[in-house]
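All of the numbers you see were taken from the coordinates with simple rules; none came from a lab. Here the structure is a predicted model, which means the values were calculated and not measured. Every residue, glycine among them, receives a Cβ derived from its backbone with ideal geometry; neighbour counts consider all protein chains shown.
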């Protein structure tokens, strides 16, 4: 019988494999996985995103987003502009250099999904999607408990 712990170990292994594939493929462009994630998010936002929105979408704390944005800026892939409605916040925008490599970035993320899902038919995909959504909802409803020894 399958143990809950075994499923959690498998989920962790899947996440580790995705990270390894992404890092390996993105290294060809001198990018880390975190940098690739930011570029990938910005590809769907023609007018850029605030650093706060990036932190929210990627579930990364603001200081890590700031470090990664600075690294991408130094590499010439993004620029930061002050928000017009908020002079404290910055909007992060892709440069032409990032747009030039965007097909390759999109290919990396698409390939990771295709490799992970190969051999799974449409019915299985629908079931998997439903189960993953259920797990996600369960985790989102988590409330800290007080455990004492």
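Would you mind getting me the FRET efficiency between residue 97 and residue 7? Use the beta-carbon distance for r and R0 = 35 Å, nearest 0.05.
Numbers: r = 42 Å, r/R0 = 1.19.
The pair residue 97/residue 7 has a calculated efficiency of 0.25.
Hey, in the GNM for the chain with a 10 angstrom Cα cutoff, which one of 139, 54, 43 fluctuates hardest?
For the chain, modelled as a Gaussian network with Cα springs under 10 Å, the answer is 139.
Give the Cα extents of the chain along the principal axes, in whole Å, largest first.
Principal-axis extents of the chain (Cα, largest first): 54, 43, 27 Å.
For the chain, set up a Gaussian network in which alpha carbons nearer than 10 Å are linked by springs, and say which option among 116, 36, 130 fluctuates the most.
Ranking 116, 36, 130 by mean-square fluctuation puts 130 first.
Return the calculated 222 nm mean residue ellipticity for the chain, to the nearest 500 deg cm²/dmol, obtained by summing -39500 (n - 2.57) across DSSP H runs with n ≥ 4 and dividing by the residue count. Don't skip to the end; give the middle numbers.
Values: 6 runs with 96 residues, N = 149.
Result for the chain: -21500 deg cm²/dmol, rounded to the nearest 500.
So what are the range 61-122's ellipsoid semi-axes, whole angstrom, largest first, if each one is the square root of 5 times an eigenvalue of the alpha-carbon gyration tensor?
Over the Cα atoms of the range 61-122, the semi-axes work out to 31, 15, 11 Å.
Against the longest principal axis of the chain, how steep is helix 122-140, in degrees 0 to 90 to the nearest 10, with axes from Cα atoms?
The two axes meet at around 80 degrees.
So between residue 81 and residue 30, what do we pick up on full extension, going 0.36 nm a residue minus the alpha carbon distance? Display every interim value, and only then the final one.
Values: separation 51, 0.36 × 51 = 18.36 nm, distance 2.39 nm.
Contour length minus the Cα-Cα distance gives 16.0 nm.
Can you tell me how much longer the chain between residue 59 and residue 115 gets when fully stretched, taken as 0.36 nm per residue apart minus their C-alpha distance, in nm with one decimal?
Numbers: separation 56, 0.36 × 56 = 20.16 nm, distance 2.40 nm.
Going from the current span to full extension adds 17.8 nm.
From the alpha carbon gyration tensor of the range 47-95, can you work out the equivalent ellipsoid semi-axes (sqrt of 5 times each eigenvalue) and give them in Å, largest to smallest? If you can, show how the numbers build up before the last one.
Numbers: eigenvalues 45, 42, 16 Å².
Rounded to whole Å, the semi-axes are 15, 14, 9.
What distance in nm lies between label points placed 7 Å from Cα along the C-beta direction at residue 122 and residue 136?
Label-label distance for residue 122 and residue 136, simple model: 2.2 nm.
If you line up the long axis of helix 96-117 against the longest principal axis of the chain, both from Cα atoms, how many degrees apart are they, to the nearest 10?
10
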